[in-house]
1. Being outside any loop (DSSP other than H, G, I, E, B), closer than 30 Å to Gly182 by Cβ, touching a Leu at 6+ places or on another chain (Cβ under 9 Å) and at pLDDT 95 or above is the requirement here; does Ser236 meet it?
2. Can you name every residue in the range 339-361 that is in contact (Cβ under 8 Å) with a residue 40 or more places away in the chain and within 20 Å of Lys53 (Cα to Cα)?
3. Do you know which of the residues in the range 133-152 that are open to solvent by 10 Å² or more (accessible area, probe 1.4 Å) and either in a strand (DSSP E or B) or touching an Asp or Glu at 6+ places or on another chain (Cβ under 9 Å) (or both) is nearest to Lys225 (Cα to Cα)?
4. Starting from the range 276-303, take each residue that is closer than 30 Å to Glu374 by Cα and list its partners that are open to solvent by less than 50 Å² (accessible area, probe 1.4 Å) and charged (D, E, K, R), counting only C-beta distances under 7 angstrom and pairs at least six apart or across chains.
5. Would you call Asn120 of a type in the set (S, T, N, Q), crowded, with 16+ Cβ neighbours inside 10 Å and at negative phi?
6. Limited to the range 70-128, what total is found for residues that are within 30 Å of Ser29 (Cα to Cα) and assigned to a strand (DSSP E or B)?
7. For Glu108, state whether it is open to solvent by 20 Å² or more (accessible area, probe 1.4 Å), modelled with pLDDT of 95 or more and of a type outside the set (Lys, Arg).
8. Here's a check for you: in the range 31-60, which residue that is hydroxyl-bearing (Ser, Thr, Tyr) and modelled with pLDDT of 95 or more is nearest to Lys92 (Cα to Cα)?
Amino acid sequence: MHRFRAVIAALTLGVPFAASAAEITRIASSFEDDDPFDLFLDVGFERSQTRAKIVREQLSDGDATSVPDVNELWYKGVDARLNLAVAFGLWKDLEFSFKLPIVFQQNETWDFVSGTTQGNSTITNSCYNADGSPYSAEGCKGRLFQVPQESYRGGLGNVHFGLAYAFFNQEKDDTKPTWIVGIDYEAPTAKQRDPSLDNTDPDGDRGNVGDRVHKYQLYTSFSRKMGVAEPYFKASYTIPVRGPGAYSNCDQSGAPSPGNLGAPYNCYKEPWTRQETGIQAPTQTALTFGMELVPFENAARSQKLALDLRLLGNYVGRGRYYNEMTSALRKLLTSEDYLQVGGQVGVTARAAQAFTIRASGKFLYNTDHLLTTEAIGQDLNGDGTVDTAPGSDELNPTFDWRYDLVSRRFRAIQSTTFRFDLGATFSF
């Protein structure tokens, strides 16, 4: 059997660089002379919490060029899940893996920040409808959504299938590092999450967690053990592809007026096809730099204690997807691109060749980014401008004048994510 056994398979909706150090350089290899078959069973509990301040642009009095942010909400999202995975060797240094997350809860809460109340918030005192018309003759008495509010989701997540190959394996040739190239395919097997549904009743049905998007993650990883230290590196790129039945905001076009769409009459008309108005998941590019330090190891008994230190970085591209305001505003929202940067500390203990446990904590800082920045429309007649008059066929049907227009957009700032993992690996 290999000397290095991984701990838990890290499965996430949106954080692709969460594997452990052993996972980065692990490979199940079969049909070896001294090891005819490798199989790893991974079980892990993961809890992530994201907290962010939600601010909103607001024109300064008498100055159309100044658009300062005003404080509105505190957002908190909690995701708790059980990750199950199996990996086995198809051939020498060729591994196939299967992973399934069971999401116990994916809950979100919104509450006013200090100093903001029902009386002065722009959320509970909105002046316009989604199409830009005044809310009523009585002034700004509209409400975008109820505050405070909490939503509840859960269920089976998307299944992952993986294939990895080690071009070099230090365990076989100690003159070379371990170098692995692989692909992870996330299939859209989870039930579709419909953002228009009301999931605020804690005693009611929980919302679904699926996005109906195929995700292909291409990655490569390196590691090199040097005495008690094993530095490693991983790079990955995730390509999303819209799957069958993926959600479109135009699915709400038949809702009673005023609704959440600025120009619902343009839905499903060229160029505003279902593909154009539907989910557009962001690409992601991730880098991981780390080192595993082994202060204790007893090779004869296959025992080891290791400390894992790493730096993490992830670039999330622009896209129309599920973000911090989706469940509150009840639609897919177009987010600005942003960076996630942070670190992780973990401890791995192998009590025997067949059993390993691991615990780790991760902290990420998410750079400030807009949460509602849908394009207002397209210049279809080539005159250089978008006709924004009511009834224009150039208006984007999913654009909402209440919060997608510059001077009314929502932004996430001071956003942080903390994640705790506890898992075990059984090796055969």
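The values are calculated or read from the model by the stated rules, or taken from the named source; none is laboratory data. What you are looking at is a predicted structure, and each value in this text was computed from that prediction instead of being measured. Here the Cβ is made from the backbone with ideal geometry for all residues, glycine too, and neighbour counts use every protein chain on show. Just so you know, the surface numbers come from the protein's heavy atoms only, side chains and all, with ligands and any DNA or RNA stripped out. Shrake-Rupley method; radii C 1.70, N 1.55, O 1.52, S 1.80 Å.
1. Here the answer is yes, as Ser236 does meet what is asked.
2. Across the range 339-361, the qualifying residues are Gln340, Gly342.
3. Ranking the candidates gives Tyr152 first.
4. Pairs found: Ile279/Asp211; Ile279/Arg320; Gln280/Arg320; Ala281/Asp211.
5. Here the answer is no, as Asn120 does not meet what is asked.
6. Matching residues across the range 70-128 total 20.
7. Criteria not met by Glu108.
8. Ser48
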